[in-house]
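To keep things clear, I will list the structure first and then write my remarks on it.
No value in this document is a laboratory result; all are computed from the given coordinates. Just so you know, these numbers come straight off a predicted model, no measurement behind them. Positions of Cβ are generated from backbone atoms using ideal geometry, with glycine treated the same way; all protein chains shown enter the neighbour counts.
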Protein chains: 4
Amino acid sequence: MLMTSVLIAGFAGAMGQKAVDLVNGMADFQIVAAFSPQADRNDPERYNLNDDVQIFNDLAAIPDQAADVWIDFTVPSAVYENVKFALNHGMRPVVGTTGLTDEQEAELKALAKANHLGGLIAPNFGMSAVLLMKFAQEAAKYFPDVEVIEMHHADKKDAPSGTALSTAKMMAQNRQPHESNPDEVETLANVRGGDYQGIRIHSVRLPGYIAHEQVLFGGTGEALTIRQDSFDRGSFMSGVKVALEKVASLNELVVGLENIL
Amino acid sequence: MLMTSVLIAGFAGAMGQKAVDLVNGMADFQIVAAFSPQADRNDPERYNLNDDVQIFNDLAAIPDQAADVWIDFTVPSAVYENVKFALNHGMRPVVGTTGLTDEQEAELKALAKANHLGGLIAPNFGMSAVLLMKFAQEAAKYFPDVEVIEMHHADKKDAPSGTALSTAKMMAQNRQPHESNPDEVETLANVRGGDYQGIRIHSVRLPGYIAHEQVLFGGTGEALTIRQDSFDRGSFMSGVKVALEKVASLNELVVGLENIL
Amino acid sequence: MLMTSVLIAGFAGAMGQKAVDLVNGMADFQIVAAFSPQADRNDPERYNLNDDVQIFNDLAAIPDQAADVWIDFTVPSAVYENVKFALNHGMRPVVGTTGLTDEQEAELKALAKANHLGGLIAPNFGMSAVLLMKFAQEAAKYFPDVEVIEMHHADKKDAPSGTALSTAKMMAQNRQPHESNPDEVETLANVRGGDYQGIRIHSVRLPGYIAHEQVLFGGTGEALTIRQDSFDRGSFMSGVKVALEKVASLNELVVGLENIL
Amino acid sequence: MLMTSVLIAGFAGAMGQKAVDLVNGMADFQIVAAFSPQADRNDPERYNLNDDVQIFNDLAAIPDQAADVWIDFTVPSAVYENVKFALNHGMRPVVGTTGLTDEQEAELKALAKANHLGGLIAPNFGMSAVLLMKFAQEAAKYFPDVEVIEMHHADKKDAPSGTALSTAKMMAQNRQPHESNPDEVETLANVRGGDYQGIRIHSVRLPGYIAHEQVLFGGTGEALTIRQDSFDRGSFMSGVKVALEKVASLNELVVGLENIL
């Protein structure tokens, strides 16, 4: 197999450094360039990069086709320009940075098509969360009665979690809106949780917990439960690895890791 | 050990029949009498009773001290008169029938005291539920951040379950009222569930499920979860067995199985 | 939509009666015939069948194309002859009876092909178990480190359960055999469970439990768990319903409900 | 309330530093001294200590009654001498260091008694683990059929975990040794796990997992499950806090946090 060359944008940040470690450990991939506006260009070792990796502080300085793949773990304000740059210079993007609007995503997809480049934009690279959503969507065909419980640390500011709501939306595509128990009475207000087209969502907030989600399906005489636990954001790298292994075969810019599994 | 004699009131019903099976299987206990207004007095075998068990259709016909223990699985409209009768005729009551008012309970406790008889009234004889409540109450001293999730079949008419609310009330005695996450924002209404003094309660209703409850505690870097599953009301008999083994040593009429463990 | 006509073989047994109830409740399906060697041919109501359903005691008496679909919940000693009969007489089989050998299955598949008939043989019609196996097989591609815990009532005679072993075999097709923790030491013998190509299997046997299985996947910083609970064999009917809805579109005799989802 | 003064032995280590943070945050406790052979005596701020905290490098230099309480998070080779020193110089020990032999524990208990000092030695200060063991021991009285499943990261070298074995031993004190399912047959060797007096123990080892334990009880028609998750060793400090609040009222040197709850 040919070696695939990689440029990592945002390599100096926490997620970028995990991406560096990941690619350094993959036999068929090689980091050849790295981009970060503030990083020290003369000290690749400090970032766990080989001596011959070219570090760029300036987007405009990066040459055409500097790498086969552009991994992006930067910031919301930069991601759109970065990905546009990659697509205009012959690099396939694998993007974990959040913050792209629907319009920007559509524009980037069109640009990828025009340039005959595939790639992936994934708001969540955690394989356990991605598989949970995929399986839940499929199970909802057979088990239309379903509830979601997500559990996070007590200082999470919003509820429900984005992943829980995404899960409900994906399942809603495969079932008719309905209530499992339309005539019930709440003797303590709100115990039945939030309601998304008849899918009840419950958010638990407790110290100690990290990020967890359960989807509970019930049918006559049986139950199916899918659960994922994220203990550490290092978990995202398993999904980045899957994306790197598949990106060469993608013919378009795909949104959502679940769509390339 | 002396044999303890037992009278079973409501022996022809579903729970009464389970009680018959239970006592028949206990070496040191013996059914000597049985009471049910409608039962056939001449066919004890039909009810899985020995030939020499006396069947009564009429409360007034039961003699003084007909048995050491009066097990009651009858109906809400009869239980008060039944237990009063037992206490006035020298029998220690073990009561699984619901429907006694607070006033009636108080009156019966006074009557038991006057007659120097102990006994037990238990709305829930399921050992797993009783232990869950007991442990949860104790754990709340050390883990004041706690939520309750109860799960029942989809045709349960009310939410939350009585046991879930009892659990919250028992825990509330051992913690200060407070919210684990006071500043959070719900982006989907009610996902944070019901609120009992800062203990969030979540009710899940799905076909297939039977009767289940989880109590989730969180603290710095750790979590404790207690769960009980009731698959079948036959589970109540384990609690009745515990009550029978302890009733001789009780000096008062106790309410709540957890209080004699 | 045209009405699909159904013959139920083994209609008088426990599973057969559940199948009768199922089909009676499906708008586009109608029971037109029923087969059981011992049943009373003159009393369809006793079996919850309409008056005009033809009851047969003898296989040879059933006419060609007596129905579109042949549902089989009979006994291991009869199932092979039954399904051969169905295929030779223009009926598509949906088979929940166990006991077919690999050779018999192969022969029946060839016969179906020769007669241009599709159908389904499913040892397990429980949708939660079938989806668990399907999802576990797919997840094993991304999470090769996996263990299985199955939990059954205490009087189950063998361990592990057939479903747990099937799950392991299906996952083994999607991962390389390996141990997650090859150098470990057991200080209490056998705590690490059974070993199927590096997939550890644990069997729990406790009174109260019914039939449950969990598949636990672990990866860097995250975990994925799939669990199914069978509370009641009535659960099988959800899978039979799925099979009935799909059987008209099958071009071959498929083995395994998961293969038509 | 009077302020309680505290000396922290091993304050420069990871656990010692967590203890420093804990005590700094407790209104009624004050760190007055700290002991570590290697620490820099002239830079208390570096260790998050107030300027007036006395740092000692040498056990012999610590004066009599330097503090009310001696917290010990040192090393197995030092803990015995440390605790003996504390008891001989009027300080109540709260010990999280492991490595004391049964003989050393007995000797220290005698010394505490002779000096009229209470204290606590706790191999596990995680409140969730301690409560799990305590509750499991009590539940075993009512549910003698029980199994343990513990789950740890894949590089744990031994199985089962110490806590799982301790849990089994504590439960064994409250039940008769017996097998739940004596006649079963294993069709895959060892799936029924390890056996401690009929309590089956199962060890799961997977990447991503941290340290978790479940105790599963089963009875007729019901189940009770107690689970604890340790996500982070910072969790130990909740137990140290409980110990500090109770140590003044202890009349002896107690072993095991569960024994002072």
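Tabulated data
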item	result
Exposure proxy ranking, count of Cβ atoms within 10 Å, fewest first, for A:Arg233, A:Arg46	A:Arg46, A:Arg233
Pseudo-label separations to other copies for A:Asp183 - Cα-to-Cβ vector, 7 Å, nm	4.6, 4.6, 6.4
Chain D: antiparallel DSSP beta bridges as a percent of all, rounded to 5	40 percent
Point-charge dipole on Cβ atoms (K/R +1, D/E -1) for the protein assembly as shown, about Cα centre, debye to 20	0 debye
14 Å beta-carbon shell around C:Gln104, net charge (K/R +1, D/E -1)	-4
Degrees between helix C:76-88 axis and first principal axis of chain C (Cα, 0 to 90, nearest 10)	60 degrees
Virtual spin-label span in nm between B:Ala61 and B:Ala110, 7 Å along Cα→Cβ	3.3 nm
Relative contact order %, region C:61-162, counting alpha carbon pairs below 8 Å whose residues are six or more apart	21 percent
For chain B: rounded, prolate or oblate by the Cα gyration tensor [a/c cutoff 1.5]	prolate
Total charge dipole magnitude, region B:127-231, about the Cα centre, Cβ charges on Lys, Arg, Asp, Glu only, Debye to nearest 20	360 debye
Full-extension gain in nm, C:Lys84 to C:Asp183, via 0.36 nm per residue minus C-alpha separation	30.4 nm
Principal axis dimensions, region A:64-217 - Cα atoms, whole angstrom, descending	65, 35, 24
Label spacing, shortest first and in nm, from A:Pro37 to its equivalents in the remaining copies (7 angstrom along Cα→Cβ)	5.2, 8.4, 8.5
Farthest positive-ward along region A:99-209 dipole, Cα basis, beta-carbon charges - from A:Leu206, A:Gly118, A:Met170	A:Gly118
Rounded tilt (10° steps) of D:237-247 against the dominant C-alpha axis of chain D	70 degrees
Alpha-carbon spread of region A:1-121, three principal axes, descending order, Å	38, 34, 24
Cα-centre dipole for region C:131-193 with unit charges at Cβ (Lys and Arg positive, Asp and Glu negative), debye to 20	360 debye
5 Å-binned pair-distance histogram of region D:127-231 (Cα, whole percent)	2, 13, 24, 23, 20, 12, 6, 1
Mean separation of Cα contacts under 8 Å (6+ apart) over length of region A:4-117, as relative contact order %	25 percent
Cα principal axis extents for the protein assembly as shown, largest first, Å	94, 83, 51
For region C:141-219: relative contact order, % (alpha-carbon pairs under 8 angstrom, 6 or more apart)	58 percent
Cα point-scatterer Debye curve for region D:137-183, base-10 log of I(q)/I(0) at q = 0.13 Å⁻¹	-0.36
Fraction of beta bridges assigned by DSSP in region B:127-231 that are antiparallel (%, nearest 5)	75 percent
B:Ser249 versus B:Gln176: modelled label distance in nm, points set 7 Å from Cα along the beta carbon direction	3.9 nm
Copies compared at D:Pro63 - label distances in nm, ascending, label defined 7 Å from Cα in the Cβ direction	7.3, 8.4, 11.1
Farthest toward positive dipole pole in region D:127-231 [+1 Lys/Arg, -1 Asp/Glu at C-beta], among D:Ser128, D:Leu224, D:Leu188	D:Ser128
Residue of chain A whose Cβ sits closest to the axis mapping A onto D, with distance in whole Å	A:Phe231, 3
Acute angle (nearest 10 degrees) that the helix C:127-139 long axis makes with the longest principal axis of chain C, alpha-carbon atoms	40 degrees
DSSP beta bridges in the protein assembly as shown [antiparallel fraction, %, rounded to 5]	45 percent
Theoretical FRET efficiency, 1/(1+(r/R0)^6), r = Cβ-Cβ of A:Asp21 and A:Asp102, R0 35 Å, to 0.05	0.60
